[in-house]
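The values are calculated or read from the model by the stated rules, or taken from the named source; none is laboratory data. Bear in mind that the values here come from a model prediction, so they are computed numbers and not experimental data. Note that we place each Cβ from the backbone using ideal geometry, even for glycine, and neighbour counts take in every protein chain shown.
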Amino acid sequence: MLSLIQCATKFPDRIAIQDSGGQYSFQDLLDRSAQLAGLLLGDLADLAEARVGYMIAPGYDYVLVQWAIWRAGGIAVPICVSYPAPSIQYVLEDAQISQIVATESFDDLLEPLSTKLSIPKIILSKSIGKPVQLPDLSMERRALILYTSGTTGKPKGVVSTHAGLEAQIKALVEAWEWQKEDHILNILPLHHVHGIVNVLCCALWSGACCEFLPKFDPKAIFEVFQKGSVNLFMAVPTIYYKLIAYFDTLDPETQTEISARLQRFRLMVSGSAALPVSTLEKWQVISGHTLLERYGMTEMGMAISNSYREARIPGCIGMPLPGVEVRLVNEQEELVQAGDSGEIQVKGANVFKEYWNKPEATKAAFTPRGWFRTGDIAALQNGVYKILGRNSVDIIKSGAYKISALEIQEVLRKHPDIQDCAVVGIPDEEWGELVAASLIANPDQVNLDDLKTWLKERLPSYKIPRKYIFQNDLPRNVMGKVTKHKLKDLF
């Protein structure tokens, strides 16, 4: 993305990236990405939106390749480093990848696919070409394809332009007051918008440092925090859950040291999934921070965010970001009244251009007037938006009611003997769907009759689950990703 590259020229000597290999300045990125861009171009003057796949672990090399693809005029297609071969092949074929860039660690995995599909492969090394005349690029050029499966069907390639990415970045830099003195730790996957745009691109746009760890490790994360340079952190709820669990194993003196350091952070953000209020409250005790929740998706980056300066309401996602329009509509796509629930629809320069080679899916994603249909249900309450869930998964249609699974999960998590839960709707002839709950709990301590009585004090009767299953052996990190389709056979 052109403006991001131009921003780097303002901070040549500042540290842009820090990883296990060392520290790298913005000038390092500019020089070496120009060299690699020359290698990608070969005899061409412009890649002309050719798709370039890259499989690189998070760190300096990842950013180097991303920038080189953009500077050569290509469309960057990051490939998840944990994908099995069939998933990689699907992306290579669907995106019509013209060449692949990877580090040596992924060569054995990619070589058979590269040969089978006749796709040239570049293995990144210290010798990566020489500078050439780079093409002049329009901001309307396609820049990035990220694959997202949504809730149904095969993964779709979400196409964003350079202008669209710039709109996403500038809105967050303004709203979250990014500064060149910032230093953020990035432990998020770099084939999703959260890690790419919210963390990496916002940091580099601002002249800030983005630090990477080789892999997720709660101990290593807290050790980085204690060094004192990091002042921003962004993660998904599952990561906060795991950090809290590790923190609870530490001795009181170490806990006190970590808490004192965390209190000096400028900002902590949670996103990509609903944040349980219980997790927010536990992290608040540990860090002194009320996590800033925001709302977005691959197709539009971030659209709604809690305020950086003002009070944050747990369970709410705030108001639209600068340059973003949001509305709530019913099933007839009529505007709903304040307090009523409706589908979130979004307009703005941040919204994606198309699904790659899927014109019908692209057309279906937008209203005739150009509003993007997110498929997420929310309500405007007390001046801020509250997410109720995904229409296809989290909104349970039982009897005459539309019930938010997320709301019931929040209540269940407050029970002292329930560690975690997932609420889903399962087919039922009488009700349409039954409200059902999968619980991580000790069945000997949770009596279902007592639990129903406890829930009656906190929920209307029609929202109380009619089926339960205890899942003591289910890994906790699965719970945040459970869908009706994965759990329905358990009931």
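Taken residue by residue, the range 70-87 has at least one member that is in contact with a helix residue (DSSP H, G or I) (Cβ under 6 Å, 6 or more places away or on another chain) and assigned to a helix (DSSP H, G or I).
Residues that are touching a residue at least 40 places away in the same chain (Cβ under 8 Å), of a type in the set (Val, Ile, Thr) and out of contact with any helix residue (DSSP H, G or I) (no Cβ under 6 Å at 6 or more places or on another chain) number at least 3 in the following strands (runs of 3 or more DSSP E) confined to the range 128-231: 156-161.
Cβ-Cβ distances below 6 Å connect the following pairs, each with a first residue in the range 393-414 that is farther than 18 Å from ALA441 by Cα, a second residue that is among the aromatic types (Phe, Trp, Tyr), and a separation of six or more residues or different chains: SER398/TRP431; GLY399/TRP431; TYR401/TYR462. The single residue among GLN66, GLN27, GLN23, GLN18 that is closer than 18 Å to SER138 by Cα and out of contact with any Ser or Thr (no Cβ under 7 Å at 6 or more places or on another chain) turns out to be GLN66.
Of the residues making up the range 273-292, just one is in a helix (DSSP H, G or I), out of contact with any Pro (no Cβ under 7 Å at 6 or more places or on another chain) and within 19 Å of LEU388 (Cα to Cα), namely SER278. Considering the conditions (1) at pLDDT below 95; (2) under 25 Å from TRP356 (Cβ atoms); (3) of a type in the set (A, V, I, L, M), ALA102 is excluded by exactly one of them, (1). Test TYR468 against the criterion of being farther than 23 Å from LYS242 by Cβ and over 24 Å from the mean Cα position of the chain (by Cα), and give yes or no. When the stated conditions are applied, TYR468 passes them. For ILE344, state whether it is in contact with a Cys (Cβ under 9 Å, 6 or more places away or on another chain), among the hydrophobic types (A, V, I, L, M, F, W, C) and outside the structural domain of LEU451 (by TED's automatic domain parsing). Here the answer is no, as ILE344 does not meet what is asked.
Can you spot a residue in the range 62-78 that is surrounded by fewer than 19 Cβ atoms within 10 Å (Cβ to Cβ) and out of contact with any strand residue (DSSP E or B) (no Cβ under 7 Å at 6 or more places or on another chain)? No, that holds for no residue. Residues that are under 19 Å from LYS170 (Cα atoms) and acidic (Asp, Glu) within the range 307-337 comprise just one, GLU325. Scanning the range 440-491 for residues that are among the aliphatic types (A, V, I, L, M), modelled with pLDDT of 70 or more and under 18 Å from SER404 (Cβ atoms) yields LEU455, LEU459, ILE464.
Scanning the range 33-56 for residues that are part of a loop (DSSP other than H, G, I, E, B), farther than 13 Å from GLN99 by Cβ and touching a helix residue (DSSP H, G or I) at 6+ places or on another chain (Cβ under 7 Å) returns a single hit, ILE56.
Selection of the range 388-410 for residues being of a type in the set (A, V, I, L, M) and in contact with a helix residue (DSSP H, G or I) (Cβ under 7 Å, 6 or more places away or on another chain) yields LEU388, VAL393, ILE396, ILE403, ILE408. When restricted to residues that are over 22 Å from the mean Cα position of the chain (by Cα) and buried (at least 21 other Cβ atoms within 10 Å of the Cβ), the range 380-397 contains 1.
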